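Q: Supplied in structure tokens, the structure appears directly below.
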Ligand SMILES: Cc1ncc(COP(=O)(O)O)c(C=O)c1O
């Protein structure tokens, strides 16, 4: 199967290990096993005695209960557990999209959402988010492009890279647009639970639309990317179709991943509170810097872990990021890897001292260029 290069992942493979200051990361300061045991009161013995068999094939009841607790209307039958959200998205697409189908993908987004459909032989239409709309979709344009013959709309909310959060009322309007063409909506909700203000959890597409499919994972909201554990939530008919495909690539997730994820979900309030404190601190550092740095402009991110920063230098973003890292060790992700040149993605959920220093270094570097 021919498939385009995954530009973001390739950038990480090439640059991350040599970065002195990593502003490209999308996680919030990952937890270690000790942190997880301390905040939950579980003991090492409970881990040591676990038999390493395949475990529950579609995810343990304890885990599914924890996942269901993130939604309004989802129960065990609505859930299947996957290898990260990356595995979840791929399974959804392989299960639903056929050659010749029309797929509408709202970009910028995680590249899976347009490159996998393209590789299957679908006709992929991109709808670009625009800075002047605060990175929210233009519904008239979306409606026009979706028309009445779309098989699936692929989107991501809260959005990576822009940090935009689609208001609940707007999501309902997107569902109305999808209904006109009887299309599925795949909403990658891997940053759901990280709205910076108000209700931390936006409405999930799986809770408001019977053809709405939500994917999520432990990686971002719960700071446990190393578990490689994600899920798909949708109505049981859709889950059955997906499980049919899943038999060929998953069997089950690791039994320890299932266990640690269950423990984390039982303590979700503590983890999310911790992460939102960190994100709000990091965001303030970033916005304060941008206020005094006339060469950049940022639409304030409302959720998630990243901002999409417009810059004024006459340079392609890949060239800028490669030179910047080579000269200073500061790693930032170029917008070109997400189909929008002229922008840079900056993550703000990690080490704040590093973030502050790296932004100052970046400012000095821009003066010279
Ligand atoms: C929007 C989006 N979807 C999916 C993924 C993959 O996440 P996971 O670690 O759960 O596989 C990422 C990772 O950066 C992401 O940003």
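The values are calculated or read from the model by the stated rules, or taken from the named source; none is laboratory data. Since the model is a prediction, treat every value here as computed from it, not as a measurement. Heads up, the Cβs are rebuilt from the backbone with ideal geometry, glycines too, and the neighbour counts pull from every protein chain shown.
Q: Within the range 50-67, can one find any residue that is crowded, with 18+ Cβ neighbours inside 10 Å and free of Cβ contacts under 8 Å to residues at least 60 places away in the same chain?
A: Yes, the range 50-67 contains a residue that is crowded, with 18+ Cβ neighbours inside 10 Å and free of Cβ contacts under 8 Å to residues at least 60 places away in the same chain.
Q: Filter the range 328-345 for residues that are in a helix (DSSP H, G or I) and in contact with a helix residue (DSSP H, G or I) (Cβ under 6 Å, 6 or more places away or on another chain) and give the result.
A: Passing the criteria: 328, 335, 336, 337.
Q: If you don't mind, another one. Among the residues of the range 158-204, count how many are free of Cβ contacts under 8 Å to residues at least 60 places away in the same chain and either outside the structural domain of residue 67 (by TED's automatic domain parsing) or under 15 Å from the mean Cα position of the chain (by Cα) (or both).
A: Total satisfying the criteria: 3.
Q: Please indicate, with yes or no, whether at least one residue in the range 88-110 is within 9 Å of the ligand (Cβ to nearest atom), in contact (Cβ under 8 Å) with a residue 12 or more places away in the chain, out of contact with any strand residue (DSSP E or B) (no Cβ under 7 Å at 6 or more places or on another chain) and closer than 22 Å to residue 159 by Cβ.
A: No, that holds for no residue.
Q: Which one is nearest to the ligand (Cβ to nearest atom), of the residues in the range 68-82 that are over 23 Å from residue 165 (Cβ atoms) and buried (at least 20 other Cβ atoms within 10 Å of the Cβ)?
A: 82
Q: I'd like to know if the range 157-166 contains one or more residues that are out of contact with any strand residue (DSSP E or B) (no Cβ under 9 Å at 6 or more places or on another chain) and closer than 19 Å to residue 234 by Cα.
A: The answer is no, given that none of the residues of the range 157-166 is out of contact with any strand residue (DSSP E or B) (no Cβ under 9 Å at 6 or more places or on another chain) and closer than 19 Å to residue 234 by Cα.
Q: Count, please, the residues in the range 128-144 that happen to be more than 18 Å from the chain's Cα centre (by Cα) and not in a loop (DSSP other than H, G, I, E, B).
A: So the count comes out to 9.
Q: Keeping to the range 286-316, report how many residues are closer than 29 Å to residue 276 by Cβ and in contact with a strand residue (DSSP E or B) (Cβ under 7 Å, 6 or more places away or on another chain).
A: 16
Q: While we're looking at this one, here's another question. Go through the range 153-169 and give me each residue that's more than 16 Å from the ligand (Cβ to nearest atom) and either surrounded by 15 or more Cβ atoms within 10 Å (Cβ to Cβ) or part of a loop (DSSP other than H, G, I, E, B) (or both).
A: Within the range 153-169, 167 is the sole residue that qualifies.
Q: Limited to the range 53-67, what total is found for residues that are in contact with a helix residue (DSSP H, G or I) (Cβ under 8 Å, 6 or more places away or on another chain) and more than 16 Å from the ligand (Cβ to nearest atom)?
A: 10
Q: Continuing with this model, one more query. Return a yes/no flag: does the range 116-126 have any residue that is within 14 Å of the ligand (Cβ to nearest atom), over 21 Å from residue 225 (Cα atoms) and in contact (Cβ under 8 Å) with a residue 60 or more places away in the chain.
A: yes
Q: Check whether at least one residue in the range 210-223 is in contact (Cβ under 8 Å) with a residue 24 or more places away in the chain, in the same structural domain as residue 59 (by TED's automatic domain parsing), under 23 Å from residue 150 (Cβ atoms) and more than 18 Å from the chain's Cα centre (by Cα), and report yes or no.
A: yes
Q: If we keep just the residues of the range 13-35 that are part of a helix (DSSP H, G or I) and touching a residue at least 24 places away in the same chain (Cβ under 8 Å), which is surrounded by the fewest Cβ atoms within 10 Å (Cβ to Cβ)?
A: 18
Q: Moving on. State the number of residues belonging to the range 84-120 that are under 13 Å from the mean Cα position of the chain (by Cα) and not in a loop (DSSP other than H, G, I, E, B).
A: 9
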